[in-house]
Amino acid sequence: MLAVCVDVPGGPENLRVGTVPKPRPKDGEVLIKVHATALNRADTLQRRGLYPPPPGESDILGLEVAGTVAEVGPGVRGPWVPEDRVMALLCGGGYAEYVAVPEELLLPVPPGLTLCQAAAVPEAWLTAYQLLHLVAEVKAGEVVLVHAGASGVGTAAVQLARLAGAVPVVTAGSAQKVDAAAELGAAAGFLHSQGDFADGVLGYTGGHGADVILDCVGGTMWERNVRCLAVDGRWVLYGTLGGKAVQGDLLGHLLKKRGRLITSLLRSRSLQYKADLVKAFSERALPFFTDPHQPALKPVIDSVFDLQDIGEAHKHMEANRNKGKIVVIVTPQNQGGE
């Protein structure tokens, strides 16, 4: 099968499409014929050699796919049959024509979504759902500050926060991205490159601050995060795009707020944890994608690339130009499309 290979870690130019062995489904696995995958920041880190896959997992990039069931492996208990439209959360292997997935990580594609749209759901939406509900335990009425509010996880978190009855506010890198988040339900937005977003959050909340902060940036924002964190608030760190080092009295400032700093990653979690997450998301969020006319939840797609242009897709992400997800078509429509 065709797959994206990284022979030498480095820049986007090191990505190439080559031929690799087609996987066979093991016990409890389903083989998916991939129609589309989507980019995640973890892919760019892995390409550079900074984020290897967990032991025993595929070293092919790609943490989410949508496609059709090609083969059902031995021991599969679910109702999956060939040609079912599915999407899946992966530890790796998404940048390829086929991928074998434990059946616990499969989700049916809602009737209102194309396979291209569905490819933008698993990693971003399951991450956002996990951060809000399993980690932060968000409650109705709470203010949720979402950094990178126009990113894949950000656009999902804004919508899921609204669905939970919370009040999402965002930071973003441009006025256009703030506007995009506002269209999805963000109550307020602030440019992290201009002024102090902490002042904006405190002003919007009348001095209360954010009850929950979803932070993929890390080091460069810690002082502003703590300053606008509400008393007894939860600051959830799930990425360090702004650096890992912290200079200053972080613990003292956090202690004054009785704040909780919680760190979370999804890729390295156990299969059982991910299975429980997929089940919860399927029951409590997935039904809100089903109305094709006016869905309560919708994946946001910034752009679509062909597999042969995977290097350009990575460049687009690393230039921080995207609003929503960057999708990559693996199998053209006339070979198994929408």
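Observations on the model:
- For segment 90-130, the Kirkwood estimate of hydrodynamic radius, built from reciprocal distances between every pair of different alpha carbons, is 11.5 Å.
- Relative contact order computed over the chain (Cα-Cα under 8 Å; 6+ residues apart), in percent: 19 percent
- Amide hydrogen neighbours beyond the local backbone of Ala38, cut-off 5 Å, H modeled: Leu63, Glu64, Val328
- Both radii are taken from the alpha-carbon atoms of segment 39-99; with Rh as the Kirkwood radius, Rg/Rh is 1.04.
- Between Leu297, Leu255, Leu145, the GNM of the chain built on Cα springs shorter than 10 angstrom shows Leu255 fluctuating the most.
- Accessible area in square angstrom per residue, segment 213-338, 1.4 angstrom probe: 53 Å²
- Within the accessible area of the chain (1.4 Å probe), percent carbon and sulfur: 52 percent
- Distant-in-sequence amide H partners of Val17 (H built 1.01 Å from N, under 5 Å): Cys5
- Separation of segment 119-185 from segment 213-255 is 18 Å, based on Cα centroids.
- Ratio Rg/Rh, restricted to segment 192-266 and using Cα atoms, in which Rh is the Kirkwood radius: 0.94
- Peptide ranges 299-311, 86-98 listed from the most packed, as the mean C-beta count within 10 angstrom indicates: 86-98, 299-311
- Legend: residue pairs Lys274/Lys298; Lys139/Lys257; Lys274/Lys325; Lys22/Lys315; Lys26/Lys325; Lys244/Lys315, Cα-Cα distance threshold 25 Å; pairs beyond threshold, Lys22/Lys315; Lys26/Lys325.
- Rh by Kirkwood over Cα pairs, then Stokes-Einstein D for segment 86-212 at 0.692 mPa s and 37 °C, µm²/s: 209 µm²/s
- Normalised by residue number, the volume inside the convex hull of the Cα atoms of segment 143-281 is 114 Å³ per residue.
- Couplings 3J(HN,Hα) for segment 301-309, derived from phi with the Karplus relation 6.51 cos²θ - 1.76 cosθ + 1.60 (θ = phi - 60°), are 10, 7, 7, 10, 10, 7, 4, 5, 9 Hz, where x marks Gly and Pro.
- Three-way shape call for segment 1-81 based on the alpha-carbon gyration tensor, with the a/c threshold at 1.5: prolate
- Amide H contacts of Val300 (H built 1.01 Å from N, in plane; Pro and chain starts excluded): Lys325 sit under 5 Å, all sequence-distant by 5 or more or on other chains.
- A simple rule links phi to the HN-Hα coupling: the Karplus curve 6.51 cos²θ - 1.76 cosθ + 1.60 with θ = phi - 60°, which for segment 175-185 gives 4, 5, 6, 4, 5, 4, 5, 5, 5, 8, x Hz, with x for Gly and Pro.
- Antiparallel DSSP beta bridges within the chain, as percent of all bridges there, nearest 5: 55 percent
- Geometric descriptor of the chain, per residue, is 128 Å³ (volume of the convex hull of the Cα atoms).
The values are calculated or read from the model by the stated rules, or taken from the named source; none is laboratory data. Note that the structure is predicted; figures quoted are calculated from it, not measured. Cβ: placed from backbone, ideal geometry, glycine included. Neighbour counts: every protein chain shown. Just the protein is used for accessible areas: all its heavy atoms, side chains included, with ligands, DNA and RNA removed. Shrake-Rupley method; radii C 1.70, N 1.55, O 1.52, S 1.80 Å.
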